[in-house]
Structures are given as C-alpha cells and as structure tokens.
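The values are calculated or read from the model by the stated rules, or taken from the named source; none is laboratory data. All values reported here derive from a predicted model rather than from experimental measurement. Heads up, the Cβs are rebuilt from the backbone with ideal geometry, glycines too, and the neighbour counts pull from every protein chain shown.
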Amino acid sequence: MARLEGWARPLRGLGGGIGSITNGFYRVLGAPGRLLQDTLNGSYLGHPTHGLLTDAAVGAVTALLVLDAIGVFFGVSDLETASRIVLGFGALSAWGAVLAGLTDHKDIDPGDARNVATLHGLINIIATVFYTAAFFVRLGGGLAAGRWLALIGFVLLSSGAFIGGHVVYTFGVMVNANARSPGRRAKEFTPVMAVADLPEATPTRAMFGTTALVVVRRGDVVHVLKETCSHAGGPLAQGTLKGDTITCPWHGSVFRLTDGAVLHGPAQTREVAYAARIADGQVEIEGPTG
Ligand code: FES
C-alpha cells in the first residue's frame with residue numbers, strides 16, 4: 001500500500017497546519033478544553049472514542065443504504081421517516097467522529113502516518129458534508145436528490161474508512177505502544193538498581209532485562225513504571241514530575257505513578273506499573289501489577 005503513502009505525501013503541510021489549529025483551539029479553551037480533549041481521545045474510556053463514533057456512523061449509513069435499496073428495488077414507500085432518523089443519527093455520529101479524529105490527529109508526529117491520517121480525515125469530512133446535505137434535502141422532501149447525496153457519501157465514507165484502517169493497522173496510530181511488549185514479569189521482588197544511583201524526585205531510567213523502566217524515588221517511597229509511553233512510545237524517563245504524576249515529553253499524556261492510570265491523554269491505555277520497594281540498598285520490583 002506504499003501508493004497510499006505516496007498519494008498522501010502532498011498533504012504534509014496541510015496536516016501540520018490542521019494539527020496546529022486544533023492544538024491552538026484546545027489551548028484557548030483551557031481546562032474545559034483539556035476535559036473535552038480527554039473525552040474525545042478516549043482517555044476516560046480506555047479506548048479511542050473515534051472508533052466508537054465511526055462504528056455508529058458507518059452502521060447508520062449502511063442501514064440507510066439498505067432502507068433506500070428496499071425503497072428503490074421493492075417499491076416500499078413508507079420507509080422515509082425511518083430513513084431520515086437513521087440518516088440524522090449517522091450524520092451526527094460522523095461529525096462526532098470528525099471531532100474525535102481531529103483530536104487524535106494533532107498528536108501524530110510528521111511523516112507518512114500523519115499524511116495518510118490527513119487524507120483519511122479529509123475524505124471523511126467531505127463524506128460527512130454530503131450526509132448532512134442529504135439529511136436536510138430529504139427533510140425538505142427531496143427524496144431522489146437526497147438518496148443520490150447519501151449514496152455519494154457512502155462511497156466516500158467507505159473509502160475514508162478503508163484508509164482509516166490503514167492508519168491504525170499499518171502505522172499503529174492510537175494503538176497501545178506496550179501491547180506487544182507488556183514488560184518483563186518479576187514473580188517476586190527483584191533488584192533493578194542501587195538506591196545510591198537514584199537521585200531524589202528525578203525520573204531515572206533503569207533496565208530490567210530488556211524492559212526499560214522509569215524509576216522515581218521520594219525519600220523511602222519508590223515508584224516504577226515501564227518507560228515506554230503507552231500512547232506512542234515516548235520516553236517517560238525524560239518526562240516531568242508533578243506531585244504523584246509523570247508527564248510524557250512527547251505529547252503530554254499524564255500518568256499516575258502509583259498505578260500507571262491515565263490522568264490526561266492523548267494516551268488512553270494505562271501505563272505498565274510495577275510494585276516497588278527499597279530493600280538492602282536496592283530498588284526491587286514485582287509485577288507488573290493490575
Ligand atoms: S508518546 Fe504521546 S504522550 Fe507519550
């Protein structure tokens with residue numbers, strides 16, 4: 001599918017511009033913007049919200065296509081009210097998916113993944129405009145024109161959905177970066193570094209076999225997470241501490257040190273966390289927990 005990457009490459013500048021506008025929009029909104037962003041990323045759900053909304057939209061417009069086909073090929077004439085409800089629901093879900101998609105898109109780093117995601121988004125925005133127009137045209141009694149608009153919308157939305165699958169399955173966008181390497185397991189408390197090498201309140205990288213960890217000590221209390229940020233693999237050992245949280249340096253996801261819970265997105269998957277203690281001058285870990 002390298003051809004898809006080639007087609008999307010001219011959208012590089014546009015993708016960057018859209019990302020900057022979305023970032024600026026959330027910045028202006030302040031704290032409510034953060035809440036909206038976390039909701040649309042799916043940080044509270046533990047699953048990207050975009051996927052839920054696209055399922056709703058694609059399901060609704062597929063149902064519309066079936067209703068329209070029954071009307072056209074079997075001459076059933078009393079389906080229009082149901083069709084309008086399904087179409088309205090589909091268009092509304094599609095606009096929700098556009099907002100969630102833009103929110104995910106702003107945190108994709110420059111490159112083929114963002115270019116293809118931009119292409120996916122543009123096609124789906126156009127499809128959503130067609131569906132919205134179809135809804136209002138059909139509401140005004142324009143059945144034939146509304147059906148044509150919806151049919152064009154369906155072709156566009158299906159193409160956009162196919163490209164969206166490429167964004168997720170080829171580039172792993174909004175896929176848990178720790179899914180395939182959940183962290184080496186310590187069946188019992190096992191030393192990973194000397195306390196003497198661990199400065200106070202400073203995220204410090206340590207290795208447990210091939211698993212990179214971020215270790216944080218405050219006095220005699222120590223917390224250990226896997227170092228790889230679940231959002232897109234950012235290095236949490238270069239993150240910023242604030243209270244009992246650590247912020248990823250790449251896109252600002254905030255994780256609770258005690259259990260790896262996501263407090264702010266764009267991450268939506270809990271960070272891998274270990275039980276940790278200090279014993280005999282060593283930091284020891286057990287787990288992962290949870
Ligand atoms: S890699 Fe994106 S927030 Fe950490």
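Checked against (1) modelled with pLDDT of 95 or more; (2) over 25 Å from VAL175 (Cβ atoms), ALA57 passes all but a single condition, namely (2).
Scanning the range 46-61 for residues that are surrounded by 15 or more Cβ atoms within 10 Å (Cβ to Cβ) and either part of a helix (DSSP H, G or I) or in contact with a strand residue (DSSP E or B) (Cβ under 8 Å, 6 or more places away or on another chain) (or both) returns THR49, HIS50, GLY51, LEU52, LEU53, THR54, ALA56, ALA57, VAL58, ALA60, VAL61.
Scanning the range 246-262 for residues that are surrounded by fewer than 18 Cβ atoms within 10 Å (Cβ to Cβ) and more than 9 Å from the ligand (Cβ to nearest atom) gives THR258, ASP259, ALA261. The listed residues are SER43, SER83, SER77, and the only one of them that is surrounded by 17 or more Cβ atoms within 10 Å (Cβ to Cβ) and outside any helix (DSSP H, G or I) turns out to be SER43. If the condition is being surrounded by 21 or more Cβ atoms within 10 Å (Cβ to Cβ) and without any contact (Cβ under 8 Å) to a residue 40 or more places away in the chain, then the range 183-230 contributes THR211, VAL214, GLU227. Is it true that some residue in the range 109-119 is within 23 Å of ARG27 (Cα to Cα), out of contact with any Cys (no Cβ under 8 Å at 6 or more places or on another chain) and assigned to a loop (DSSP other than H, G, I, E, B)? Yes, because at least one residue in the range 109-119 is within 23 Å of ARG27 (Cα to Cα), out of contact with any Cys (no Cβ under 8 Å at 6 or more places or on another chain) and assigned to a loop (DSSP other than H, G, I, E, B).
Tell me which residues, restricted to the range 72-82, are touching a residue at least 24 places away in the same chain (Cβ under 8 Å) and under 17 Å from LEU139 (Cα atoms).
Matches in the range 72-82: GLU80 only.
The set of residues in the range 270-290 that are crowded, with 23+ Cβ neighbours inside 10 Å, under 16 Å from PRO235 (Cα atoms) and either out of contact with any strand residue (DSSP E or B) (no Cβ under 8 Å at 6 or more places or on another chain) or not aliphatic (A, V, I, L, M) (or both) contains only GLU271. Residue-level check: of (1) within 14 Å of the ligand (Cβ to nearest atom); (2) among the small types (Gly, Ala, Ser); (3) at pLDDT 95 or above, ALA275 misses just (1).
Please tell me if GLY233 is surrounded by fewer than 20 Cβ atoms within 10 Å (Cβ to Cβ), within 13 Å of the ligand (Cβ to nearest atom) and over 22 Å from ALA201 (Cβ atoms).
Values: surrounded by fewer than 20 Cβ atoms within 10 Å (Cβ to Cβ): yes; within 13 Å of the ligand (Cβ to nearest atom): yes; over 22 Å from ALA201 (Cβ atoms): yes.
Spelling it out, GLY233 is indeed surrounded by fewer than 20 Cβ atoms within 10 Å (Cβ to Cβ), within 13 Å of the ligand (Cβ to nearest atom) and over 22 Å from ALA201 (Cβ atoms).
The residue list GLY219, GLY265, GLY243, GLY239 contains one member that is modelled with pLDDT under 95, within 14 Å of the ligand (Cβ to nearest atom) and not assigned by TED's automatic domain parsing to the domain that holds GLY33, which is GLY265.
Please determine whether any residue of the range 130-149 is surrounded by 20 or more Cβ atoms within 10 Å (Cβ to Cβ), closer than 24 Å to PHE25 by Cβ and in contact (Cβ under 8 Å) with a residue 24 or more places away in the chain. Yes, because at least one residue in the range 130-149 is surrounded by 20 or more Cβ atoms within 10 Å (Cβ to Cβ), closer than 24 Å to PHE25 by Cβ and in contact (Cβ under 8 Å) with a residue 24 or more places away in the chain.
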